[in-house]
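Notes follow once the structure below has been shown.
The values are calculated or read from the model by the stated rules, or taken from the named source; none is laboratory data. Bear in mind that the values here come from a model prediction, so they are computed numbers and not experimental data. Counting neighbours? That spans all protein chains shown, and the Cβs are built from the backbone with ideal geometry, glycine included. Surface accessibility is based on the protein's heavy atoms, side chains included, excluding ligands, DNA and RNA. Shrake-Rupley method; radii C 1.70, N 1.55, O 1.52, S 1.80 Å.
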Amino acid sequence: MELSRFPRRKYTPYVTPIEPMNRLSQELGGSVNLFIKRDDQLGLTGGGNKTRKLEFAMADALLKGADTIITCGAVQSNHCRLTLSACIQENLKCILVLEERVPGSYHKDASGNNYLFQLLGAEQIVVVGLGEAPQKVQEMAAELREAQGRNVYCVPGGASNEIGALGYCACAAEIQNQIFEDTSLPRMDYLVTASGSGGTHAGLAAAMYALRSSIKVVGISTRHPEDVQTAHIHALADKTLKFATGDGTLDLPTEKVVVKDAYVGPGYSLPTEGMQEAVTLFARKEGILLDPVYTGKAAAGLIDLVRSNYFEPGSNVLFLHTGGAPSLYHYMPIDTNLPVAGATSKVANDSDEKKSD
Ligand SMILES: Cc1ncc(COP(=O)(O)O)c(C=O)c1O
């Protein structure tokens with residue numbers, strides 16, 4: 001796998017840290033050692049996994065002479081925020097197509113990522129219904145090309161094609177090298193990640209295989225049932241493997257794609273108790289902010305897999321923090337008063353305050 005063959009822009013001038021989560025490991029019984037890869041600290045506005053994918057997607061766009069980028073995502077899309085941020089750095093115009101996956105969920109004045117779309121200054125924001133975004137992107141691109149002669153480059157949702165997934169091939173190589181270089185880090189047995197539009201999961205699965213790594217990648221679905229997500233990730237990971245290695249005969253074995261779907265709850269972006277517990281536990285045990293839509297549900301999966309002894313005792317388990325915290329401010333309030341193992345504080349209500357005055 002020679003990633004230097006591909007054009008790349010660089011948006012993070014450092015390697016993201018791998019940190020032990022000793023207090024959380026202890027809290028969950030101490031049978032496994034939990035670590036976290038801090039991709040929430042990647043570059044561009046607010047960080048998160050799309051920054052790695054955009055390094056390759058934007059380089060491709062620039063190579064093709066693009067002056068305008070159109071992309072799409074959910075109404076609180078981290079991907080749209082980061083694409084817009086990359087466009088600002090590259091001096092390109094940026095149009096966002098937002099898909100209302102939950103009816104009535106778009107609010108022009110909402111906070112979180114929606115606020116950042118406005119602050120960062122998208123050229124245009126268009127809102128469409130569930131499943132309509134990819135077609136709308138193509139229609140708008142065709143119109144702009146014809147009417148204004150613009151050179152439009154369409155980045156797929158989540159930058160989840162074989163070009164964007166190269167960002168997570170690069171991350172797999174980074175993790176392998178980081179563990180080699182930092183002798184205080186143990187070998188990892190598992191890598192747990194959110195699995196949404198799929199470029200992150202697919203890039204990691206493809207590259208861990210290409211690199212002959214023994215780290216097992218586990219994807220926690222944030223939207224689709226296991227069979228649908230597994231088929232999607234396998235197809236994208238296989239395509240990415242062939243693209244990244246340049247070896248069209250190399251096939252990704254099906255068992256290299258593992259998806260768990262038990263943590264989606266009632267649907268994409270809708271809260272679950274597990275998510276709320278995970279967000280609260282990460283905050284209170286490690287001081288780390290998760291987001292309610294992706295990393296909160298992925299962490300709920302991580303926590304449940306630890307509690308149900310999915311990982312062999314003594315395993316080293318690396319959780320990928322894919323970012324997304326800006327949306328936490330939109331999805332407030334997380335119910336911090338749910339019974340959370342090990343939580344010592346409770347938000348004081350009015351009468352508590354009066355008592356302590
Ligand atoms: C914070 C965050 N984590 C994880 C994901 C899922 O990554 P992917 O779309 O590559 O599956 C997303 C997707 O938007 C995200 O915003």
Inset, instruction - Go through the stretch 295-327 residue by residue and tally those that are of a type in the set (K, R), closer than 24 Å to L44 by Cα and out of contact with any Phe, Trp or Tyr (no Cβ under 9 Å at 6 or more places or on another chain). - result: 0
Inset, instruction - Answer yes or no: is there a residue in the stretch 216-235 that is modelled with pLDDT of 95 or more, assigned to a helix (DSSP H, G or I), in the same structural domain as A299 (by TED's automatic domain parsing) and surrounded by 24 or more Cβ atoms within 10 Å (Cβ to Cβ). - result: yes
Legend entry - Wholly enclosed strands (runs of 3 or more DSSP E) of the stretch 1-89 bearing at least 3 residues not β-branched (V, I, T): 33-38, 68-74
Legend entry - Selection status of H234, over 17 Å from the mean Cα position of the chain (by Cα) and within 16 Å of the ligand (Cβ to nearest atom): yes
Inset, instruction - Kindly indicate whether P103 is assigned to a loop (DSSP other than H, G, I, E, B) and surrounded by fewer than 17 Cβ atoms within 10 Å (Cβ to Cβ). - result: yes
Legend entry - Flag for S184 being out of contact with any strand residue (DSSP E or B) (no Cβ under 8 Å at 6 or more places or on another chain), within 13 Å of the ligand (Cβ to nearest atom) and in the same structural domain as P20 (by TED's automatic domain parsing): no
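Being part of a loop (DSSP other than H, G, I, E, B) and either at pLDDT below 95 or open to solvent by less than 10 Å² (accessible area, probe 1.4 Å) (or both) is true for just one of F311, F319, F282. Which residue is that?
The conditions single out F311.
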Inset, instruction - Test L130 against the criterion of being under 21 Å from the mean Cα position of the chain (by Cα) and open to solvent by less than 20 Å² (accessible area, probe 1.4 Å), and give yes or no. - result: no
Legend entry - Filter result for G131 (at positive phi, within 16 Å of the ligand (Cβ to nearest atom) and of a type outside the set (D, E, K, R)): no
Inset, instruction - State all residues of the stretch 162-193 that are of a type in the set (G, A, S) and open to solvent by less than 10 Å² (accessible area, probe 1.4 Å); if no residue qualifies, say none. - result: G164, A165, G167, A172
Inset, instruction - Tell me which of these L328 doesn't satisfy, since it passes every other one: (1) at pLDDT 95 or above; (2) out of contact with any helix residue (DSSP H, G or I) (no Cβ under 6 Å at 6 or more places or on another chain); (3) surrounded by 17 or more Cβ atoms within 10 Å (Cβ to Cβ). - result: (1)
